[in-house]
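Peer 1: I have a structure I would like to understand better, so I am pasting it below and will then ask my questions one at a time.
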Amino acid sequence: MNDSITLSDRAARRIAEILSKEADGAMLRIAVAGGGCSGFQYTFDIVSEREDDDLVLQKGGATVLIDSISQGYMPGAEIDFADELIGAAFRINNPVASASCGCGTSFAI
């Protein structure tokens, strides 16, 4: 549905590192759900199966799945990973988000 969602090199390296400790065939599923302090939130789960409508992003040994409904909330987004002094976390740089909270996993459109 939306192939303009991208995965940064930093995120791919970290996801590959996480998945290397899981069973063969493990993938990271990123989805958008209602909730969070801004109205929508990103969820991250390790799964072993993909759905027919999933967008599959593969880079550097990392496989990320995003369902078709979630893709509609994040067109043009970049999945990144930040390792800063105050902590390390995945960040979704979403151009359609009009606001986000300090935790980086909640956003509004």
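The values are calculated or read from the model by the stated rules, or taken from the named source; none is laboratory data. Since the structure is predicted, the reported quantities are computational estimates derived from the model, not experimental observations. Every residue, glycine among them, receives a Cβ derived from its backbone with ideal geometry; neighbour counts consider all protein chains shown.
Peer 1: Give the residues of the stretch 10-46 that are of a type outside the set (A, V, I, L, M), surrounded by fewer than 15 Cβ atoms within 10 Å (Cβ to Cβ) and either farther than 16 Å from Ala82 by Cβ or in contact with a helix residue (DSSP H, G or I) (Cβ under 6 Å, 6 or more places away or on another chain) (or both), sorted by residue number.
Peer 2: Ser20, Lys21, Glu22, Asp24, Gly25, Gly34, Gly35, Cys37, Thr43, Asp45
Peer 1: Exactly one condition in (1) within 12 Å of the chain's Cα centre (by Cα); (2) at pLDDT below 95; (3) buried (at least 16 other Cβ atoms within 10 Å of the Cβ) is false for Ala89; which is it?
Peer 2: Of everything listed in (1) within 12 Å of the chain's Cα centre (by Cα); (2) at pLDDT below 95; (3) buried (at least 16 other Cβ atoms within 10 Å of the Cβ), Ala89 misses just condition (3).
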